[in-house]
1. Pairs only if they're at least six apart or on different chains, beta carbon under 8 angstrom, first in the range 79-93 and over 16 Å from Trp45 (Cβ atoms), second in a helix (DSSP H, G or I) and among the small types (Gly, Ala, Ser); list them, first residue then second.
2. Do you know which of the residues in the range 106-119 that are farther than 16 Å from Asp46 by Cβ and assigned to a helix (DSSP H, G or I) is modelled with the lowest pLDDT?
3. Can we say Lys126 is crowded, with 16+ Cβ neighbours inside 10 Å and of a type in the set (Lys, Arg)?
4. Taking the range 32-70 as the search range and keeping residues that are modelled with pLDDT under 90 and outside any loop (DSSP other than H, G, I, E, B), which one is nearest to Tyr101 (Cα to Cα)?
5. Being buried (at least 18 other Cβ atoms within 10 Å of the Cβ), at pLDDT 80 or above and not basic (Lys, Arg) narrows it down to one residue among Ser162, Ser183, Ser154; which is it?
6. Here is a list: Leu82, Leu132. Which entry is assigned to a helix (DSSP H, G or I) and open to solvent by less than 60 Å² (accessible area, probe 1.4 Å)?
7. So, Ser131, is that one over 30 Å from Glu218 (Cα atoms) and without any contact (Cβ under 8 Å) to a residue 24 or more places away in the chain or not?
8. Looking at Asp189, Asp223, Asp243, Asp170, which is the one that is open to solvent by 50 Å² or more (accessible area, probe 1.4 Å), at pLDDT below 90 and at negative phi?
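The values are calculated or read from the model by the stated rules, or taken from the named source; none is laboratory data. All values reported here derive from a predicted model rather than from experimental measurement. Note that each Cβ is placed from the backbone with ideal geometry, even for glycine, and that neighbours are counted across all protein chains shown. Only protein heavy atoms, including side chains, enter the accessible area calculation; ligands, DNA and RNA are left aside. Shrake-Rupley method; radii C 1.70, N 1.55, O 1.52, S 1.80 Å.
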Amino acid sequence: MTRIHTIETELTALRAALNKHPLYGNLKTIEDIQIFMESHIFAVWDFMSLLKALQNQLTTTSVPWMPAKNPATARFINEIVLGEESDLNAEEQPQSHYEMYLDAMHQINASTANIDNFLKHLRHGKTIDESLKDSAIEPQTADFIKFTFDIIDSKEAHKIASAFTFGREDIIPDMFYEIIDKSQTDNKDCSKLKYYLDRHIELDGDEHGPLSLKMIEELCGDDDSKWNDALEVAKQALQHRIDLWTSITSQIKTSKTSLV
């Protein structure tokens, strides 16, 4: 059994809990999807910081330029940056996936007030923690973001790659299939969300997922300590995703109760 297979075996229970999470069965109306998107947008946003941290570590982003240690990994990261920062939207216009998601939120009248306010604080020079404290963000959403930036702040490429691979790229196809399958995203009002989800399934399942696993193998090599780190970070990343999903499920249920 390869080291990657060992990690994936260790993650089986967490991935099953994520794929069978009650959240998916609670996404039944436009209002439910609005609540989901208003929290999930933060995961869409902080993914880009994970990606940029990897780009800084594994490619050359400074001057004078120097060749990357591994051109194949550098190409992989740069390809993902291209797709995430300037993919083509449904109208064939260049747009980041974050902006696509915002457009999908606007289409169904989901509020972007919290994410807009959070980014406003960051633009004004506040730290992540300060911006979280000054924004109306659910505790589990804030914890999700804090975990992401704790891993980034470690400046250890194998840890960042593990959060990126096992907490994001490797799980996204299964996770998004569940959302499409269980929710009414075929409603015409959700066309932009469905395009976003379909695009991620296409990219992450066919291209990015398998390549990200190769990146982990390269970064960990024969170092047992790094492989142990990768497993621990992967477990934490999945647990934070489960906690985020549980929080969103609770918000959806609370909104229905308040209407009774």
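1. So the pair list comes out as Ala90/Ser191.
2. Only one residue tops the list, namely Gln107.
3. Criteria met by Lys126.
4. That would be Ile33.
5. Every option except Ser162 fails the conditions.
6. Leu132
7. So Ser131 passes the test.
8. The conditions single out Asp189.
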